[in-house]
Amino acid sequence: MSQPITYELIKQDAKTGARRGRIHTPHGDIETPVFMPVGTQATVKAMTPEELKEMVNAKIILSNTYHLFLRPGDELVAEAGGLHSFMHWDRPILTDCGGFQVFSLAKLRDISEEGVHFKSHLDGSALFISPEVSIKIQNNLGADIIMAFDECVPYPADYEYTKASMERTTRWAKRSLDAHQKKDKQGLFGIVQGGMYKDLREQSAKDLVAMDFPGYAVGGLSVGEPAELMYEVLAATTPFLPENKPRYLMGVGSPDYLIEAVLRGIDMCDCVLPTRIARNGTAMTSKGKVVVRNATYERDWSPLDSNCDCYTCKNYTRAYIRHLIKAGEILGARLLTIHNLRFLVRLMENVRKAIEEDRLLEFREEFYKGYYGDDFDIEKLSTGLNIKD
């Protein structure tokens, strides 16, 4: 049986080994490295699918198993023909397994080998998710890429707890594989865990690779640890993942995290950050963050970012967007969302071009100087990098 998800390595940066690739899926190809906008409830907040394609150039989006399990229910989505039909999106979709939300949102959790009993954060109703339940939900949702059920360990966590959790996640990964009913239509990724302990990360990666998943995610990072520690642990993990399969770092979306993840061998990233800060009146720009609700922009007739090619920057000023945000108008959040998503998607487009031209380190330095200023210490981000002369 042919795999529904395959990875094609096109080019590696000569100095860092960063990967330029292409993921083939049932709903189209994805050029990597890629940033995936998050559509938690089967919608990227404030955006239509047409806008995501035409204004952002998003090639893949992520939806959330936990939230869609709670409402409207995965069986209703299956009745609609799956997520693609339900939300009118004809490009690839990835669904997470629900594990992170169970451990971060749900109340009164009871974790056992069987799975997790918990109470809904919406109405307090008693619910249960196991590897088998998570995969059944994701089979019903019908995403191109689905995730094995895992436990996301909090930070900090002691070694013994993290080790036991990692080993349980490995057993859950095997159960997820066994439960997967649509192997010809959906690619199931394993999730590497192990907290901040390099030996546990290595063991987790090796155990999952032995199961021969079509792709691998690195979970349990960007959960409150210092950035330098995240980079160190990530750099210690990716060498144990196959070169011929996609690598996905879960839940990161700031520009520096995206660039540093790619430098450490990652192909895919996602995060709610760009849409969340947009609703709070903040834009990511090539000169750093711009909080447009601030009074300094009241008579600023320039675009959010003069280097940006998005619809918002082509047509609207900071002053107008500030007015919308101050007035509580929905259009303000929409315009900032368009910009922030396009900013990150375009950042990864530029990263891909830099890899093709063997100048990713130079691109990184130029970007950081613009984003943080000339005094930014780039060396503090170099933890774990293997730079060739």
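Once the Cβ-Cβ distance between ILE330 and SER120 is put in as r, and R0 is 25 Å, what FRET efficiency do you end up with, to the nearest 0.05? It comes to 0.35. Karplus-based coupling profile of region 161-168, in residue order and whole Hz: 5, 4, 5, 4, 5, 4, 5, 5, with θ = phi - 60° in 6.51 cos²θ - 1.76 cosθ + 1.60 and x standing for Gly or Pro. Distant-in-sequence amide contacts of VAL192, defined by a placed amide H-H separation under 5 Å and a gap of 5 or more residues or a different chain, comprise ALA217, VAL218, GLY219.
In whole percents, the pair-distance distribution calculated for the chain from its alpha-carbon pairs, binned every 20 Å from zero, is 28, 59, 13, 0.
For THR40, the residues whose amide H sits under 5 Å from its own are LYS45, ignoring neighbours fewer than 5 places away on the same chain, with H placed 1.01 Å from N.
Among the GluC sites (Glu not before Pro) found in region 322-389, those both in a DSSP coil and sparsely packed, with 16 or fewer other Cβ atoms within 10 Å of their Cβ, are GLU329, GLU357.
Taken about its Cα centre, region 97-240 carries a charge dipole of roughly 400 debye when the Cβ of each Lys and Arg holds +1 and the Cβ of each Asp and Glu holds -1. Between SER104 and GLU349, the modelled labels are 2.8 nm apart [label points 7 Å from Cα along Cα→Cβ]. In this structure the amide hydrogen of ALA14, modeled in the peptide plane, comes within under 5 Å of the amide hydrogens of ASP358, none closer than 5 places in sequence on its chain.
Applying 1/(1 + (r/R0)^6) with R0 = 45 Å to the Cβ-Cβ distance of ASP90 and ASP377, what FRET efficiency is obtained, to the nearest 0.05? The formula returns an efficiency of 0.50 here.
Hey, what's the chain come to in accessible area per residue, 1.4 Å probe, Å²?
Per residue, the chain has an accessible area of 41 Å².
In units of the rule-of-thumb radius 2.2 N^0.38 Å, region 296-355 shows an alpha carbon radius of gyration of 1.22. For the chain, the carbon plus sulfur part of the accessible surface works out to 49%, probe radius 1.4 Å.
For the chain, modelled as a GNM whose springs connect Cα atoms under 10 angstrom apart, the maximal fluctuation among VAL133, VAL351, VAL262 occurs at VAL133. The per residue volume of the convex hull around the alpha-carbon atoms of region 101-159 is 111 Å³.
When only Cα pairs below 8 angstrom with a gap of at least 6 residues are kept, region 57-106 shows a relative contact order of 54 percent.
Compute a Gaussian network model of the chain, connecting alpha carbons closer than 10 Å, and tell me which residue from ILE321, ILE330, ILE30 fluctuates the most. Taking springs between Cα atoms under 10 Å, the residue moving most is ILE330.
Cysteines of the chain lacking any other cysteine Cβ under 4.7 Å from their own Cβ: CYS97, CYS152, CYS269, CYS271, CYS310. Inter-part distance, region 1-65 to region 354-377, computed on C-alpha centroids, equals 23 Å.
How large is the Rg to Rh ratio of region 184-260 when both quantities use alpha carbon positions and Rh follows Kirkwood?
Rounded to two decimals, Rg over Rh is 0.96.
About the centre of its Cα atoms, the chain shows a dipole size close to 820 debye [charges on the beta carbon of Lys, Arg (+1) and Asp, Glu (-1) only; nearest 20 debye]. Computed over all pairs of different Cα atoms, the Kirkwood value for the hydrodynamic radius of region 94-236 is 15.3 Å.
The values are calculated or read from the model by the stated rules, or taken from the named source; none is laboratory data. Since we're looking at a predicted model, the values are computed, not measured. Note that each Cβ is placed from the backbone with ideal geometry, even for glycine, and that neighbours are counted across all protein chains shown. Quick note on the areas: whole protein, heavy atoms, side chains included, nothing else; ligands and nucleic acids left out. Shrake-Rupley method; radii C 1.70, N 1.55, O 1.52, S 1.80 Å.
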